[in-house]
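The values are calculated or read from the model by the stated rules, or taken from the named source; none is laboratory data. The structure presented is a predicted model; accordingly, all values stated were derived computationally and were not measured. Cβ atoms come from the backbone with ideal geometry, glycine included; neighbour counts cover every protein chain shown.
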Amino acid sequence: MTGAGMNRISLLGTSPRNGTMLLGVMIVMVALPYLLGQSWLSITTEMLILALSASALNIMLGYTGMVSFGPAGMYAVGAYTTGVLMEKMGWGMLPATLAAPVMAGLVGALVGWFCVRRSAVYFALLTLAFSQIIWTVVFQWYSVTGGDDGLVSVPVPDFFFEITNCYYFMLAVVSVCLFIIWKIVNSPFGMTLQAIRENPNRVEFIGVNVKRYQLASFVISSVFLGIAGSMFCVFSGSAFPDYAYWVKSADMLVICLLGGIYNFFGPLVGTVVYTVLTKVISGYTMHWHLVLGGIIVLIILAMRKGVVGTLANYWANRKSAAA
Amino acid sequence: MTFESFAGQALAGVSLGMVWFLIAAGLSIIFGTLKVLNLAHGSLYMLGSFCCYQVTVSLAGVPGNFWLAVLVAPLVVALVGGIIEVFLLRPIYKAEMIYQYILTFALVLIIAEACKMIWGTGYHSVKVPWPFQGSVAMFGLSFPIYNLFLIAMGPLVFIALRTLINKTNLGRNIRAVTENREMANALGTNVPQVYTGVFMLGAWLAGLAGSLWPPVSVVMLGSDMAVVIDCFIIVVIGGLGSLAGAFVGALILGLTTAFGLYLIPKLAVAFGFILMIIILIIRPYGLMGEPE
């Protein structure tokens, strides 16, 4: 365990090569509207938002070792906060999107307070139960959330109807958020979270209040999930109960797992792989979930570190073989 | 609330609770021994109810077809459980918990989609079987006999499981493995076999619940997640790994749901959650659970 842990942490470090690669990726991202057609640009915009939600989940999952089955709940809180404020209360987009992370953070603090009271297995099932509560509330509170009809006419500014504008806006928001997450997980605070993941007992013994840190991780994760939800509401101009449903949580978990949870870039790579897989496989079969489930099983049995983790190990081995 | 409606709700609540107990007991036993939280437990229940429906339809003219279904369906589910344990769970016991959770999560997707492929998205119903049709008059009220049968099943299964675990050789092995896996292994217990057996037992219980409930309700997709969430609430209330906890938790949740449905139908689902939250505040380890 400890050996694996050391390995994981070193994978998260920065190196000049990573910097160059990151710059390259950014240049490509900025150039994308000139390279892709409308529909693929729209899919890429969705991917950006999905990548943010998966990275937000990974603060808990990969960095703190808390398996949450309910990220969709917080995502939906963000989406509905923005949606309800704009459609029903007539708020402008800026205050409505700023309110989303605040609301998600508050709900996250409340839900997290209950969830971190129990560890490991209970934590997992409590997060699932709470996300189902959120789903139920959204589904039943017809007068505010529109129930199963959802919110379908969120008055998003005309600026966003042009997909290129929308794309650049989302690229900016997601990049800033990812940068902040990067700073957080690589700060002393983030290191403490990783230490808790490796061995909560030892961390408790050296005088850290583990539950408080876990709650902080939960709240930070919720805030970014809220931003992602809010952004998706702006992007699609709608919000549906499905956003809070457990299938959405499963999507996010699978993305993290697919990319590799012990790497900052795992969820990002996972998003790309997952989206492409969805588009390709759903072209062949209606039973996408069956294939998805099969893929998860295969990853877990054969490639537990995910795409990024497996590649990173491969590179590390090659380097040590060369030296 | 009149006495009649009170008694009616109590009966409905207890019979619902007893069916939940069967499922939660399986979840709890599996967790106690294998230390695996089976998120797909509701899916096994749903698979059981579809199998039960299939048998009753296939043997439509045969007398006692429902009871054949109750015999066959749980065995099919137990077999599926056995396959899951041997081929999917066994390779990853040494891996971190997260992979086990996510693997069982993947099974939820697979089983739901498989059921959808085989039985479609419609609702199916199963008739109340002979000899439990009709109602019986008690306290000036009429009670459906089938519900009384369900209520009897709960304590019956509870006692049978207690006897199995406390009195038989198999139970001794299960307790030994639960207590200390390595030591039991060193003393000659076939641990993998016990694991498979326990998982199959848990799956069988889920399948049994799945085949007993349809006459009162309907067979449909989506019951997997609904049931597993209810079971989570039950084990949070009662304490995971405790049979008595599952029994008490299921009884409490069944009654809460039934009376909630009667008093405030729109918020009925919320009652279970509120109950769970209260328990988490006043007794975080569950009524029968012990601190971790």
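Can residue A:259 be described as of a type outside the set (Ser, Thr, Tyr), under 18 Å from residue B:103 (Cβ atoms) and in contact with a helix residue (DSSP H, G or I) (Cβ under 6 Å, 6 or more places away or on another chain)? Here the answer is yes, as residue A:259 does meet what is asked. Residue check: residue A:235 meets all listed conditions (1) in a helix (DSSP H, G or I); (2) in contact with a Leu (Cβ under 7 Å, 6 or more places away or on another chain); (3) aromatic (Phe, Trp, Tyr) but one, namely (2). Residue count for region B:258-284 under the criterion of being farther than 18 Å from residue A:134 by Cα, among the β-branched types (Val, Ile, Thr) and within 11 Å of another protein chain (Cβ to nearest Cβ): the result is 2. Note on region B:56-77: residues that are surrounded by 23 or more Cβ atoms within 10 Å (Cβ to Cβ) and over 13 Å from residue B:215 (Cα atoms) total 3. Among the criteria (1) surrounded by 13 or more Cβ atoms within 10 Å (Cβ to Cβ); (2) away from every other protein chain (no Cβ under 14 Å); (3) modelled with pLDDT of 90 or more, the one residue B:163 does not fulfil is (1). Among the residues that make up region B:119-129, is at least one of them more than 22 Å from residue B:17 (Cα to Cα), within 8 Å of chain A (Cβ to nearest Cβ) and under 23 Å from the mean Cα position of the chain (by Cα)? Within region B:119-129, not a single residue is more than 22 Å from residue B:17 (Cα to Cα), within 8 Å of chain A (Cβ to nearest Cβ) and under 23 Å from the mean Cα position of the chain (by Cα).
Exactly one residue among B:187, B:170 is away from chain A (no Cβ under 14 Å) and touching a residue at least 12 places away in the same chain (Cβ under 8 Å), and that residue is B:170.
Criterion first (closer than 18 Å to residue B:208 by Cα, surrounded by 15 or more Cβ atoms within 10 Å (Cβ to Cβ) and either free of Cβ contacts under 8 Å to residues at least 12 places away in the same chain or not basic (Lys, Arg) (or both)) does residue B:156 satisfy it? Spell out the reasoning first.
On the way: closer than 18 Å to residue B:208 by Cα: yes; surrounded by 15 or more Cβ atoms within 10 Å (Cβ to Cβ): no; either free of Cβ contacts under 8 Å to residues at least 12 places away in the same chain or not basic (Lys, Arg) (or both): yes.
When the stated conditions are applied, residue B:156 does not pass them.
A count restricted to region B:92-104 and to residues that are closer than 20 Å to residue A:252 by Cβ, at the interface with another protein chain (Cβ under 7 Å from one of its Cβ atoms) and at pLDDT below 85 stands at 5.
Residues are listed down the side, and each one gets a yes or a no for (1) among the hydrophobic types (A, V, I, L, M, F, W, C); (2) within 14 Å of chain A (Cβ to nearest Cβ):
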site: B:2; (1), (2): no, no
site: B:7; (1), (2): yes, no
site: B:11; (1), (2): yes, no
site: B:16; (1), (2): yes, no
site: B:22; (1), (2): yes, no
site: B:31; (1), (2): yes, yes
site: B:35; (1), (2): no, yes
site: B:49; (1), (2): no, no
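Any idea which of B:238, B:210, B:202 is more than 27 Å from residue B:67 (Cα to Cα) and in contact with a helix residue (DSSP H, G or I) (Cβ under 9 Å, 6 or more places away or on another chain)? Lay out the reasoning, then the answer.
Values: B:210 fails: more than 27 Å from residue B:67 (Cα to Cα); B:202 fails: more than 27 Å from residue B:67 (Cα to Cα).
Just a single option satisfies the conditions, and that option is B:238.
Just one residue in the set B:208, B:255, B:201, B:287 is closer than 15 Å to residue B:21 by Cβ, outside any helix (DSSP H, G or I), touching a residue at least 40 places away in the same chain (Cβ under 8 Å) and away from chain A (no Cβ under 13 Å); that residue is B:287.
Hey, any hits in region B:253-262 for a residue that's within 16 Å of the chain's Cα centre (by Cα) and at pLDDT 80 or above? Yes, because at least one residue in region B:253-262 is within 16 Å of the chain's Cα centre (by Cα) and at pLDDT 80 or above. Filtering region A:192-203 to residues that are surrounded by 14 or more Cβ atoms within 10 Å (Cβ to Cβ) and assigned to a helix (DSSP H, G or I) leaves A:192, A:193, A:194, A:195, A:196, A:197, A:198, A:200, A:203.
Scanning for something over 20 Å from residue B:157 (Cα atoms), of a type outside the set (A, V, I, L, M, F, W, C) and in contact with a helix residue (DSSP H, G or I) (Cβ under 7 Å, 6 or more places away or on another chain), does region B:222-230 turn up at least one residue? Among the residues of region B:222-230, at least one is over 20 Å from residue B:157 (Cα atoms), of a type outside the set (A, V, I, L, M, F, W, C) and in contact with a helix residue (DSSP H, G or I) (Cβ under 7 Å, 6 or more places away or on another chain), which makes the answer yes.
When residue A:79 is tested against the conditions (1) among the small types (Gly, Ala, Ser); (2) within 14 Å of chain B (Cβ to nearest Cβ); (3) part of a helix (DSSP H, G or I), the lone failure is (2).
Restricted to region B:1-109, the set of helices (runs of 4 or more DSSP H) holding at least 3 residues that are in contact (Cβ under 8 Å) with a residue 60 or more places away in the chain and touching a His at 6+ places or on another chain (Cβ under 6 Å) is empty. Within region A:140-155, count every residue that is in contact with a Ser or Thr (Cβ under 9 Å, 6 or more places away or on another chain) and surrounded by 14 or more Cβ atoms within 10 Å (Cβ to Cβ). The qualifying residues number 3.
Residues of region A:82-98 that are closer than 25 Å to residue A:182 by Cβ and surrounded by 24 or more Cβ atoms within 10 Å (Cβ to Cβ): A:82 alone.
Here is the figure for region A:259-314: residues that are at pLDDT below 80, more than 14 Å from chain B (Cβ to nearest Cβ) and surrounded by 17 or more Cβ atoms within 10 Å (Cβ to Cβ) total 3. With a requirement of 3 or more residues that are touching a residue at least 60 places away in the same chain (Cβ under 8 Å) and within 10 Å of chain B (Cβ to nearest Cβ), the helices (runs of 4 or more DSSP H) lying completely within region A:107-187 that satisfy it span A:120-140.
Considering only residues in region A:133-159 that are in contact with a Phe, Trp or Tyr (Cβ under 7 Å, 6 or more places away or on another chain), modelled with pLDDT of 85 or more and not β-branched (Val, Ile, Thr), the one that is farthest from residue A:74 (Cα to Cα) turns out to be A:150.
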